[in-house]
Amino acid sequence: MNNNKKILITEFINQNSFEHLNKKFDVRYDEKLFENENEITRIIKDYDGLIVRNKTQVNSSILKNALKLKFIGRLGVGLDNIDTGYCKSKNIHVQPATGMNADSVAEYVVSSSMSLIKKIPMFHNGTVKGEWPRTTIKSIEINQKYLGIIGFGTIGKKVAEYSSKNGLKILAYDPYVKEINNKEIDVKLSNLKEIFEKSDIISIHLPLTDETKNIINKSSFSQMKNKPIIINTSRGGIINENDLIEAYNKNNISGFALDVFEKEPIESEFYKKIKLGMNCILTPHISGVTTESNIRVSDYIVKKITDFFN
Ligand code: NAD
C-alpha cells in the first residue's frame with residue numbers, strides 16, 4: 001500500500017483488478033454489501049472512494065454521511081442508481097466505465113435480433129414439445145430490413161456498426177446528435193415517427209431519465225407498421241412493460257428481448273404474463289456483463305481511481 005486512502009467496493013469486481021487496487025490503497029471488498037444499505041450508511045464516513053455496480057443505491061441517506069468521499073467509480077454505465085445531483089453539490093467525482101461494455105451489449109443485440117427474427121424461441125419450444133413446427137411457424141431474413149436505434153450514444157453506435165455488417169438498413173433517433181461522423185456506417189438520423197413506421201427491429205439505448213421514462217408506450221406501439229422486434233438492454237421503465245405485452249398479444253409487434261426490467265429481479269406479476277412459446281428472450285440484466293467486459297470495466301475504474309488519488 002503506497003497511499004493511505006480508503007476505498008469501499010460493494011459489488012463484484014474482477015479479482016486481478018481488485019488485487020492491483022489493494023496493493024495501492026486500503027480496500028474493503030464485499031461483493032454482497034450492496035444488500036445492506038444500513039451498513040454502507042454506517043461505514044461510508046471512513047471512505048475516500050466508493051466502487052459500485054448498479055445494485056448499490058447511492059442515495060442521499062448514504063451520501064450525507066460520506067464526509068470524506070471524493071470519488072465514486074461505477075463498474076458499468078448508467079448512473080440512475082447514483083444521486084449525481086447530490087454528488088455534484090458535494091464535489092464528489094462520479095466515474096462511469098463508458099464504452100467498456102459496449103461490445104458485449106452490441107453482441108447481445110445482434111444475437112437476440114437474429115434469434116427473434118428467425119423465431120428461434122418458438123421453434124425451440126415447439127420442437128421440445130414434440131410438435132415439429134417446420135411449416136407452421138414462418139421466419140424471415142434480417143438482410144435489408146430496417147433497424148431503428150433509439151439513443152445514438154456509445155452503445156447505439158456500436159450496435160449500428162455491428163448490424164450494418166449484417167445488411168441491416170439503419171435509422172437512429174437522438175435529438176442530442178446533430179450529425180453522424182462515421183462515414184463507414186450508413187445511418188440515417190431520423191425521428192421517432194419514422195422509426196416506428198419503418199423498423200423491423202427497434203433497439204433502445206437510452207439513459208433512464210425523467211424525459212425517457214415510459215418513452216415507448218401504447219401510442220408508440222400503435223404507430224409500428226412492420227410488427228417489429230423490440231430489444232431493450234438500456235433500463236427498465238423506458239418501455240412500458242404492460243403496453244409491450246399488450247402490443248405482442250395484439251400482434252402489433254412480433255417479438256421482444258428484455259435484459260432490463262422495471263423491477264429487478266422481475267416480479268411475479270410480470271412473469272405471469274410471459275408464456276412459453278412466445279417469441280421472446282428474457283435475461284437477468286447481463287447484456288453488458290461478459291468475462292471480457294468485466295475485466296475491461298474493472299481495470300478501467302481501478303486505473304481512474306488510482307489516477308484520481310495520485
Ligand atoms: P451514452 O450516454 O453514450 O448514450 C446515450 C444516448 O442517449 C446519448 O447519445 C444521448 O444523447 C441519448 N439520449 C438521451 N436522452 C435522449 C432522449 N430523450 N431521446 C433520444 N436520445 C436520448 O450511453 P451508452 O453507453 O450508450 O449506454 C446507454 C444506456 O445503456 C446506459 O444509460 C445504461 O442505462 C444502459 N446499459 C445497460 C447495460 C446492461 O447490461 N443491460 C450495459 C451498459 C449500458
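The values are calculated or read from the model by the stated rules, or taken from the named source; none is laboratory data. Not measured: the values here are computed from a predicted model. Please note: Cβ atoms are built from the backbone with ideal geometry, for glycine as well, and neighbour counts cover all protein chains shown.
Within the range 183-197, the set of residues being at pLDDT 95 or above, of a type in the set (A, V, I, L, M, F, W, C) and farther than 10 Å from residue 173 by Cβ comprises just one member, 187. Scanning the range 127-173 for residues that are in a helix (DSSP H, G or I), away from the ligand (no atom under 16 Å from the Cβ) and either over 23 Å from residue 104 (Cα atoms) or touching a residue at least 60 places away in the same chain (Cβ under 8 Å) (or both) yields 127, 128. Contact map, the range 254-277: first residue at pLDDT 95 or above and in a loop (DSSP other than H, G, I, E, B), second residue within 14 Å of the ligand (Cβ to nearest atom) and basic (Lys, Arg), Cβ cut-off under 7 Å, separation 6 or more or different chains; pairs are 260/235.
Is it the case that residue 304 is out of contact with any helix residue (DSSP H, G or I) (no Cβ under 8 Å at 6 or more places or on another chain) and outside the structural domain of residue 137 (by TED's automatic domain parsing)?
Considered against the rule, which asks whether it is out of contact with any helix residue (DSSP H, G or I) (no Cβ under 8 Å at 6 or more places or on another chain) and outside the structural domain of residue 137 (by TED's automatic domain parsing), residue 304 comes out as yes.
Taking the conditions (1) farther than 22 Å from residue 219 by Cβ; (2) touching a residue at least 12 places away in the same chain (Cβ under 8 Å); (3) surrounded by fewer than 17 Cβ atoms within 10 Å (Cβ to Cβ) in turn, residue 194 satisfies each one other than (1). A residue that is buried (at least 20 other Cβ atoms within 10 Å of the Cβ), at pLDDT 95 or above and charged (D, E, K, R) can be found somewhere in the range 59-81.
Only residues that are within 13 Å of the ligand (Cβ to nearest atom) and free of Cβ contacts under 8 Å to residues at least 12 places away in the same chain were counted in the range 210-238, giving 2.
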